[in-house]
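A short write-up of the structure that comes next.
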Amino acid sequence: MAGTGVFEDIIEGEVFKYYTDGEWKKSASGKSVAIINPTTRTTQYKVQACTQEEVNKVIESSKIAQKQWAKTPLWKRAELLHKAAAILKEHKAPIAECLVKEIAKPAKDSVTEVVRSGDLISYCAEEGVRILGEGKFLVSDSFPGNERTKYCLTSKIPLGVVLAIPPFNYPVNLAVSKIGPALIAGNSLVLKPPTQGAVACLHMVHCFHLAGFPTGLISCVTGKGSEIGDFLTMHPGVNCISFTGGDTGIAISKKAGMVPLQMELGGKDACIVLEDADLDLVAANIIKGGFSYSGQRCTAVKVILVMESVADALVEKVNARVAKLKVGPPEEDSDITPVVSESSANFIEGLAKDAKEKGATFCQEYKREGNLIWPLLLDNVRPDMRIAWEEPFGPILPVIRINSVEEGIHHCNASNFGLQGCIFTKDINKAILISDAMETGTVQINSAPARGPDHFPFQGLKDSGIGSQGITNSINMMTKIKSTVINLPSPSYTMG
Ligand code: G3H
């Protein structure tokens, strides 16, 4: 159970504490933030509402700890990360339970998220040891007019304090995808978890504490975005921000100072289906890509663009599979579970209503109980409907019938998002041409969009993000190149 056993230090009374200076603390604000269980719509947990003054202290400690950590050998950093990964996996059950209660993630998927996170941390340790152990050696005489009198040695150095802000849908996995690279690269890390998912994050952070990371190196501050959100992202002590979430990321990028930013924001991933596609494969991927975790994934399939000649057959196959989806609470491992909040459910409902008014075909009856929305396929969607462009982050999926591939590419590229997309066809040559024409960070051929495996590069174009993630790219992004140049009094050529 949450906050018990090895985790008993992280809670006092009914409020979970925040983590700084290697200790679990209560905020001086005396206030807490309630976390509402999406299924019961009642308060499940409470976390500290930290103050700006506490944030200042956290960042100060983080700065001091980083200086020492930068002097810690790479192999030692890696050893600690492996230890944290093992502890995290050992305690997957209570952490997964938090995910079930805080974000209504199906029980099995919650366990998968924790295990995947442990693997991600270990991979960071291994990759970091490899890529941070290497630098470059350049000689001056390759540039016109120079003799070989200068040797340039480059290495990757840490940035300092990294601020990590993960989203509610993968609070653990998308936190460690920032923590692992930051730490192996010699940075310190301040985590600001999402409100829904904060308690799972606090448990995860305790696994790093148990692994024995130095005091102050990792901190986790909870609280209201309105009180500490901007304060953190605009803090002069922060040297890098890695954020995953929605539009807030655009606001952060406008306000943040001159620090490297890594942003993964929304998506409206298109699924383009050609006449020769294997429709059973497409239907299976639409179900997985569009409805897993009730569509609350930035990489979910969010619009199907299918050639008119195969549209009826595809819709029939998808409908048959939708009928088999289990709808219910996350504890029962349902496929479709309540969406994260009432406001999110209301937003999704608004998109469905708009589509209804404008004449979309409802393949299933629209049904909602509390935050639970039944899966819904909307056929004959047209570009004047909001659902054609907006991201529902819920289990409703529009089908737009197209008469040419160009029409599909045009719709995909007219979106302000450009995260991922997918194409289904047996013609690999056509697939490559379409992939090249799609303005998205990744295109999947014959499979639904997905971020993983976690070492693959992951990036969005346009409003979908800044920079590239994936373990290697994140480690590189959280470092800077430093050069040392040895100047020789006279040219020196090996074997010369
Ligand atoms: O929600 C955004 C995530 O980065 C998507 O990750 O493709 O593993 O579900 P996923």
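Considering the convex hull of the alpha carbon atoms of segment 204-328, report its projected area averaged over all viewing directions, in nm², one decimal. All intermediate terms of the calculation are to be shown ahead of the outcome.
Details: hull surface 49.0 nm².
Computed as one quarter of the Cα hull surface, the answer is 12.3 nm².
For segment 64-207, give the magnitude of the charge dipole about the Cα centre (Cβ charges: +1 Lys/Arg, -1 Asp/Glu; no others), in debye to the nearest 20.
260
Of the options 40, 50, 294, report the single residue whose Cα projects farthest towards the positive end of the charge dipole of the chain (beta-carbon charges: Lys, Arg +1; Asp, Glu -1).
50
Determine the relative contact order of segment 259-362: mean sequence separation of Cα pairs under 8 Å and six or more apart, normalised by residue count, in whole percent.
Values: 103 pairs, mean separation 26.4, N = 104.
Rounded, it is 25 percent for segment 259-362.
Would you mind computing Rg(Cα) / (2.2 N^0.38 Å) for the chain, counting N as its residues? Numbers along the way, then the final one.
Working: Rg = 24.3 Å, N = 496, 2.2 N^0.38 = 23.3 Å.
Working it through for the chain, the quotient is 1.04.
If the chain between residue 1 and residue 429 were fully stretched, how many nm would it gain, using 0.36 nm times the residue separation less the Cα-Cα distance?
Values: separation 428, 0.36 × 428 = 154.08 nm, distance 5.26 nm.
Here the answer is 148.8 nm.
When DSSP assigns beta bridges and you keep just the ones with both residues in the chain, what percent turn out antiparallel, to the nearest 5? Kindly include the intermediate steps, with their values, before the conclusion.
Values: 34 of 72 bridges.
About 45 percent, rounded to the nearest 5.
Could you grab the relative contact order for the chain? Cα pairs under 8 Å, six or more apart, rounded to a whole percent.
Values: 1128 pairs, mean separation 87.6, N = 496.
For the chain, the relative contact order is 18 percent.
Farthest toward the dipole's positive end in segment 367-496, which of 489, 417, 444, given Cβ charges of +1 (Lys, Arg) and -1 (Asp, Glu) about the Cα centre?
It is 489.
So what does the Cα-only Debye profile of segment 153-192 read at q = 0.29, 0.32 Å⁻¹, as log10 I(q)/I(0), no solvent term?
Computed log10 I(q)/I(0) values: -0.93, -1.04.
Using only the Cα atoms, what convex hull volume per residue in Å³ does segment 115-239 have? Intermediate values should be presented prior to the final figure.
Details: hull volume 19.1 nm³, N = 125.
Cα convex hull per residue, to the nearest whole number: 153 Å³.
Using +1 on the beta carbon of Lys and Arg, -1 on that of Asp and Glu, and nothing else charged, what's the dipole of the chain about the Cα centre, debye to 20? Show your work: numbers first, answer last.
Working: 51 positive and 54 negative charges, 290 e Å.
With Lys and Arg at +1 and Asp and Glu at -1, about 1400 debye.
Note the full-extension length gain between residue 14 and residue 483 as 0.36 nm times their separation in residues minus their Cα-Cα distance, in nm to one decimal.
Full extension from residue 14 to residue 483 adds 163.7 nm.
Rounded, prolate or oblate: which fits segment 326-377 when a ≥ b ≥ c are the square roots of the eigenvalues of the alpha-carbon gyration tensor, with rounded for a/c under 1.5 and prolate only if a/b beats b/c? Mind showing how you got there, number by number?
On the way: a/c = 3.48, a/b = 1.62, b/c = 2.15.
Oblate is the answer for segment 326-377, as a/c is 1.5 or above yet b/c matches or exceeds a/b.
What does the charge add up to near residue 375, with Lys and Arg as +1, Asp and Glu as -1, over the other residues with Cβ less than 13 Å from its Cβ? Before the final figure, lay out the partial values.
On the way: positive: 288, 321, 324, 326, 367, 368; negative: 335, 365.
Here the count lands on +4.
Using DSSP, restrict attention to beta bridges with both residues in segment 343-496 and report what percent are antiparallel, rounded to the nearest 5. Mind dumping the intermediate values first?
Details: 8 of 15 bridges.
If I count the DSSP bridges inside segment 343-496, around 55 percent turn out antiparallel.
Rg and Dmax in Å for segment 356-425, alpha carbons only: what are they?
13.3, 40
Does segment 216-264 classify as rounded, prolate or oblate by the C-alpha gyration tensor (a ≥ b ≥ c root eigenvalues; a/c under 1.5 gives rounded; else a/b over b/c gives prolate, otherwise oblate)? It would help to have the intermediate numbers written out before the result.
Values: a/c = 1.45, a/b = 1.17, b/c = 1.24.
Rounded shape, in that the Cα axes give a/c under 1.5.
Using a cut-off of under 19 Å, list every residue of segment 197-235 whose amide N is near the label point 7 Å from the Cα of residue 29 along the Cα-to-beta-carbon line.
Under cut-off, by backbone N: 197-203, 219-235.
Can you check what the net charge comes to around residue 401, using other residues whose Cβ is under 10 Å from the Cβ of residue 401 (Lys, Arg +1; Asp, Glu -1)? Please list the in-between numbers first.
Values: positive: 382; negative: 308, 312, 379, 407.
Here the count lands on -3.
Please report the net charge: other residues with Cβ closer than 15 Å to the Cβ of residue 268, K and R +1, D and E -1. Present the calculation step by step, with values, prior to reporting the outcome.
On the way: positive: 297, 302, 386, 462; negative: 247, 264, 269, 390, 391, 439, 463.
Combined, the nearby Lys, Arg, Asp and Glu give -3.
Please state the relative contact order of segment 7-52 as a whole percent: Cα pairs under 8 Å, 6+ residues apart?
Numbers: 69 pairs, mean separation 16.9, N = 46.
37 percent.
Enter the Cα centre distance for the pair segment 347-368 and segment 239-304, rounded to the nearest angstrom.
Taking the Cα centre of each part, segment 347-368 and segment 239-304 sit 22 Å apart.
Principal axis lengths of segment 1-140 from Cα atoms, whole Å, largest first?
Dimensions of segment 1-140 along the principal axes of its Cα atoms: 66, 39, 29 Å.
Quick note: the coordinates plus some simple rules give every number you see, no bench work behind them. Small disclaimer: the values here were computed from a predicted structure and weren't measured. In this analysis, Cβ positions are derived from the backbone assuming ideal geometry, glycine residues included, and neighbour counts consider all displayed protein chains.
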